[in-house]
1. Between residue 135 and residue 410, what is the FRET efficiency for a Förster distance of 41 Å, r being their Cβ-Cβ separation, to the nearest 0.05?
2. Which distance in nm do the two modelled labels at residue 389 and residue 69 give, with both placed 7 Å along the Cα-to-Cβ direction?
3. Place +1 on the Cβ of every Lys and Arg and -1 on the Cβ of every Asp and Glu in region 75-198, take the dipole about the Cα centre, and give the residue among 162, 188, 119 whose Cα lies farthest towards its positive end.
4. Under the 0.36 nm per residue contour assumption, what length would be gained going from the current alpha-carbon distance of residue 174 and residue 119 to full extension?
5. Quick one: Karplus J couplings for region 181-193, per residue in order, coefficients 6.51, -1.76, 1.60, θ = phi - 60°, nearest Hz, x for Gly and Pro?
6. Nearest 0.05, what FRET efficiency do residue 34 and residue 259 give at R0 = 56 Å with Cβ-Cβ as r?
7. For residue 396, what residues show an amide H to amide H distance below 5 Å, using hydrogens built from the backbone and excluding near sequence neighbours?
8. Under the Kirkwood approximation for Rh and a Cα-based Rg, what ratio Rg/Rh is obtained for region 119-164?
Amino acid sequence: MWKIAAMMGTCLFGLYLMKRFMTVFFGPDVKDKRKEWILYGLFYALLGVAFAFFSYPPLTTLINLVMLYIISQLYEGSQKKKILVTFLVYSICMVCEVLVMYSFSMYVRESELQIIISFITVLLVSVCEFVIERFLVRHSGEYSIPHCDILILVPLISIALLLYLVMSGLKQRTVFIAVSLVLLLINLLIFYLCDVLTETFSDLEEMLMFERLAAGYANQRTVMIQSEEKVRSLRHDMKHHLNELIFLAEKNGVAEITDYILNMKDYMNNPNEYISSGNKGVDSLLNYMLQEAEHVLDKVDYKISVPKELGISSFDMNVIVGNLLDNAIYAASRSKDKWLSVILSYEKGVLFIRIQNSYNGTARKKGEAYATVEKERQGHGIGLQNVKKAVENYCGNMQISDADNLFDVKVMLYTLQKKS
């Protein structure tokens, strides 16, 4: 009886380690805590039945993979990432078990073999989890992992290879130990590779934001130079314009005066200056992005009402508005209507942002999160995560909806409540 209790105890601790692995990749937040407890309880029960009544490795493997995948659905993230985590976590556990089994079986009595192997396996898995969490993965949370398609193959091949060797009845202990050590090292390196890829694409996203910010300021400088040239030219000819207006007034040519003033107004308009709020960060970003939108879309509507001084840094505005506009323009340019609407409104310390765009009707979701384009671009998931973090920094919230081929993003930022 104590053997069964010991086995179930190690099994319970093993499930705890699997939960720790999930936290490394997805963060601590779970959609439904009650459902999590139920799923882990079911997982525990299925493993208990498999150990007690069956001794068939493929069945145990199937139970572990299916249950880990189901549990991963409780977290935010793409399906590719969830599949990768499922295979990667189980491959670590399976490699540790095979390594321990063939390393210690000759030194342990048959009656105690299964219990001892279970204890040592759990201990080795816990060491692996500690190493992964402390040294290999520094960017835990909800970030997307680039190139999941390729990375999934490594743990999948590891599991298939070990399962084949175990089922083939191979008796060469050194082969099992050598293969297990190599596979353990490779799978641990995959954890590190995932972290490096995430960091690389995050840095790339940040670099693109700085490039957009620099391009926006360069564009704004051009706009200002053009406007100054028009003002200088008008000032130079102002005497002639005033003489003409006096002449028209003496003739009582009201209509002619109106037309003349309208012509002067049209001359002063700069076609590249969409926004002139006085806020350099907002003006440079929106003049640049709206100019890009005009080049690829049929209709661009905008309404901007922000003060000269706004309690949001230019960088954060670039992260939020820049990323959302970039995605909206990309999706709208591939739609039938090619339409974009941008609204920025500020009142009493609250900035309201609303971006709407037409899309082709195939908006994709990663769990509860949207991917607003029909095909994911490199770093896109990271960009949306940066938007979410920036919004949270201002105690704000973001709502996304799609209906009738219209994508709608609403953001509220409390500019006086930025977190330190």
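1. 0.50
2. 3.1 nm
3. Looking along the dipole axis, the top candidate is 162.
4. Taking residue 174 through residue 119 to full extension adds about 17.6 nm, to one decimal.
5. 4, 5, 5, 5, 4, 4, 5, 5, 5, 5, 4, 5, 5
6. According to the calculation, E is roughly 0.15.
7. HN-HN under 5 Å from residue 396: 414.
8. Working: Rg = 13.6 Å, Rh = 12.9 Å.
Computed over Cα atoms, the ratio is 1.05.
The values are calculated or read from the model by the stated rules, or taken from the named source; none is laboratory data. This is a predicted model, so every value here is computed, not measured. Ideal geometry is used to build each Cβ from the backbone, glycine not excepted, and the neighbour counts take in all protein chains shown. Accessible surface is based on the protein model in full, side chains and every heavy atom, while ligands, DNA and RNA are left aside. Shrake-Rupley method; radii C 1.70, N 1.55, O 1.52, S 1.80 Å.
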